[in-house]
């Protein structure tokens, strides 16, 4: 029986970071790294990923919570056009679900979440040299300084959802 796979897109910080986080989650079948555009005032491309996931292994709620905790989802900064804090949805039903989930998560945060729920419009993949960046370059300073802390956070807070074999180098 074929596995039913859903998809959702996330934008926040650097897409190298976001890609590595979601590549480490059990139930995530594929992560496409690149640039996503929405509609109207958010139609400019912004760094993001598309996550293809098996909802029987990991819920949309868990994926969103991981996203909110692994990028700066509570403050605006000068790089927000390049690193838009967003969840891009592929249907009106998904948009409604994500909006409701974000309202629930807001209760867990002291500061207001700035993450927007936006309709997905367009995807431009990263060039090949940038894809799978972390797992090809875990010893690079950027990976050690910016991606490792995010991976350690998901190991601590979402251990039941993490493919620990992929992150075994962080436990030492």
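What to note about this one:
- Residue under evaluation residue 56, criteria (1) in a loop (DSSP other than H, G, I, E, B); (2) in contact with a helix residue (DSSP H, G or I) (Cβ under 9 Å, 6 or more places away or on another chain); (3) in contact (Cβ under 8 Å) with a residue 40 or more places away in the chain, criterion not met: (2)
- The stretch 19-50, residues that are part of a helix (DSSP H, G or I), at pLDDT 90 or above, touching a strand residue (DSSP E or B) at 6+ places or on another chain (Cβ under 7 Å) and closer than 16 Å to residue 87 by Cβ: 19, 22
- From the list 71, 77, the one residue that fits, being modelled with pLDDT under 90, part of a loop (DSSP other than H, G, I, E, B) and surrounded by 16 or more Cβ atoms within 10 Å (Cβ to Cβ), is 71.
- Failed criterion for residue 16 (all others in (1) surrounded by 15 or more Cβ atoms within 10 Å (Cβ to Cβ); (2) modelled with pLDDT of 90 or more; (3) in a helix (DSSP H, G or I) hold): (2)
- Screening the stretch 103-135 for residues that are more than 23 Å from residue 36 (Cα to Cα) and surrounded by 11 or more Cβ atoms within 10 Å (Cβ to Cβ) and picking the one that is nearest to the chain's Cα centre (by Cα) gives 105.
- Residue tally, condition surrounded by fewer than 19 Cβ atoms within 10 Å (Cβ to Cβ) and either in a loop (DSSP other than H, G, I, E, B) or touching a strand residue (DSSP E or B) at 6+ places or on another chain (Cβ under 6 Å) (or both), over the stretch 136-159: 5
The values are calculated or read from the model by the stated rules, or taken from the named source; none is laboratory data. Note that this is a predicted model, so its numbers are computed, not measured. In this analysis, Cβ positions are derived from the backbone assuming ideal geometry, glycine residues included, and neighbour counts consider all displayed protein chains.
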